[in-house]
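K.L.:
Quick one: this structure, given as structure tokens, is what I'll be asking you about.
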Amino acid sequence: MRRARLLETGWERELAVEACEVPEAKGNWVLVQVEACGVCYRDLIDRAGRFRFIQLPITPGHEAVGRVIAVGSQVTEWRPGDRVATLHRDFCGVCPACNAGETSLCTGAAAVFGLLIDGGYATHLVAPERALYAVSPHLPAAEAAILHCTFGTAYRGLMRAGLRAGQRVLVTGANGGVGAAAIQVVKRLRAHPVAVIRNAAQREFVEELGAESVIVDDGTSFHKALTDPVDIALDCVGEPTFNAALRSLAVGGRIVAIGNVKEARVPVNLGYLITRGVTILGSSGATRADMQAVLSLYDSIPFTIPIHARLPLERADFAQRVVREGGLRGRVVLALEGDESA
């Protein structure tokens, strides 16, 4: 098999692509032949060393899809031939969070792809069986790979905010992977998406996805351009847009923090939170139940799943640098389908 490796944090040293032995599926672990893996901005955060617990060297990637080719002796959920995609991590199934259905907040398991276990920038990966969910054999590989981290993340954030039909939802970074997904999920849930983008060249793109109004802004003052405040702000960027998103809210509104593209801390006016009665929420990755809901929405009205570029594994380092540059329309994906190199 072949895999890309992050040998040290930072951007001075390129990701290395190397050959190695195909890992063995043991216990409750599953061996998957990877068809495709998305390149997410979190991969860049991992590479920057912002998660101090990252285990180096490691194979990046938490947006993979493929076919099960072997299972360990304790696996009960999967068998060879099943098509699966990765969640961000596994879950224990017995802790209070898991018992409440909040498996992405599990405190009893922590196999996080690209941080604590090898991820999907590889022709094969091994994973705990609970770190996977089932996907249709008919979904194109590039789209199936990124569905969880884009549409799943957007859906979970909107559910955390209690989205109801008819509400107005502001989405920052609306041309990116999660932002483009959020616009479509909002529309399918019969609410009204307002897109914020930095570059006017992306206007037509987000309008085609369903944005009912579009604001072009550097991220600091788009709240001043709103004709009416919004019920929910889904912040897919972080520090550059957070306070303007917060000030876009109606009284009693909710802001959901999803993106964190910069390490800088966000100053918040507590008096503003109190007097406006607004709520700040963080949102983790989607659960299997969330993904069932997302796939149901897709079956009802298929999503447009924008792929900015498809690149081979050998260009994994270049792919991350493309994402780092920004201005994408959807995701960059590493295409591995049909690559059976061992």
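K.L.:
Residues that are closer than 22 Å to Leu147 by Cβ and in contact (Cβ under 8 Å) with a residue 24 or more places away in the chain: find the strands (runs of 3 or more DSSP E) completely inside segment 268-342 holding 2 or more of those.
P.N.:
It comes to 307-311, 331-335.
K.L.:
For Ala316, state whether it is open to solvent by less than 20 Å² (accessible area, probe 1.4 Å), at pLDDT 95 or above, under 22 Å from Tyr121 (Cα atoms) and out of contact with any strand residue (DSSP E or B) (no Cβ under 8 Å at 6 or more places or on another chain).
P.N.:
It is false that Ala316 is open to solvent by less than 20 Å² (accessible area, probe 1.4 Å), at pLDDT 95 or above, under 22 Å from Tyr121 (Cα atoms) and out of contact with any strand residue (DSSP E or B) (no Cβ under 8 Å at 6 or more places or on another chain).
K.L.:
For segment 38-58, which residues satisfy the criterion of being more than 19 Å from the chain's Cα centre (by Cα) and among the basic types (Lys, Arg)?
P.N.:
Of everything in segment 38-58, just one residue is more than 19 Å from the chain's Cα centre (by Cα) and among the basic types (Lys, Arg), namely Arg52.
K.L.:
Could I ask something else about it? Could you list all residues from segment 1-13 that are over 20 Å from His62 (Cβ atoms) and acidic (Asp, Glu)?
P.N.:
Passing the criteria: only Glu12.
K.L.:
Here are the criteria: (1) more than 19 Å from the chain's Cα centre (by Cα); (2) crowded, with 21+ Cβ neighbours inside 10 Å. Tell me which single one Val256 does not satisfy.
P.N.:
Among (1) more than 19 Å from the chain's Cα centre (by Cα); (2) crowded, with 21+ Cβ neighbours inside 10 Å, Val256 violates only (1).
K.L.:
Kindly state which strands (runs of 3 or more DSSP E) lie completely within segment 1-65 and contain at least 1 residues that are over 29 Å from Pro80 (Cβ atoms).
P.N.:
Passing ranges, in order: 16-19.
K.L.:
Which residues, counting only those in segment 200-214, are touching a strand residue (DSSP E or B) at 6+ places or on another chain (Cβ under 7 Å) and either among the hydrophobic types (A, V, I, L, M, F, W, C) or in a helix (DSSP H, G or I) (or both)?
P.N.:
Hits for segment 200-214 are Ala200, Arg203, Val206, Glu207, Ala211, Val214.
K.L.:
Inspect all residues belonging to segment 127-137 and state whether any of them is of a type in the set (Ser, Thr, Tyr), over 23 Å from Cys20 (Cβ atoms) and open to solvent by less than 20 Å² (accessible area, probe 1.4 Å).
P.N.:
Yes, there is a match, as at least one residue in segment 127-137 is of a type in the set (Ser, Thr, Tyr), over 23 Å from Cys20 (Cβ atoms) and open to solvent by less than 20 Å² (accessible area, probe 1.4 Å).
K.L.:
So which of Glu77, Glu35 ends up being more than 30 Å from Val261 (Cβ to Cβ) and either buried (at least 18 other Cβ atoms within 10 Å of the Cβ) or more than 22 Å from the chain's Cα centre (by Cα) (or both)?
P.N.:
Checking each option against the conditions leaves just Glu77.
K.L.:
Could you list, in sequence order, the residues of segment 181-230 that are open to solvent by 50 Å² or more (accessible area, probe 1.4 Å), on the phi < 0 side of the Ramachandran plot and of a type in the set (D, E, K, R)?
P.N.:
Those that are open to solvent by 50 Å² or more (accessible area, probe 1.4 Å), on the phi < 0 side of the Ramachandran plot and of a type in the set (D, E, K, R): Lys187, Arg188, Arg198, Arg203, Glu204, Glu207, Glu208, Glu212, Asp218, Lys224, Asp228.
K.L.:
Based on this model, can you work out whether Leu273 counts as open to solvent by less than 20 Å² (accessible area, probe 1.4 Å), more than 21 Å from Val185 (Cα to Cα) and at pLDDT 95 or above?
P.N.:
no
K.L.:
Of the residues that sit in segment 41-70 and are open to solvent by 10 Å² or more (accessible area, probe 1.4 Å), touching a Pro at 6+ places or on another chain (Cβ under 9 Å) and not basic (Lys, Arg), which one is farthest from Val322 (Cα to Cα)?
P.N.:
Ala70
K.L.:
Next question. So Ser221 fits all but one of (1) over 20 Å from Met159 (Cβ atoms); (2) in contact (Cβ under 8 Å) with a residue 24 or more places away in the chain; what number is the exception?
P.N.:
(2)
The values are calculated or read from the model by the stated rules, or taken from the named source; none is laboratory data. Computed from a predicted model, the values in this text were never measured in an experiment. Neighbour counts run over all protein chains shown; Cβ positions are idealised from the backbone, glycine included. When the accessible area is computed, the model is the full protein with side chains, heavy atoms only, and any ligands, DNA or RNA have been set aside. Shrake-Rupley method; radii C 1.70, N 1.55, O 1.52, S 1.80 Å.
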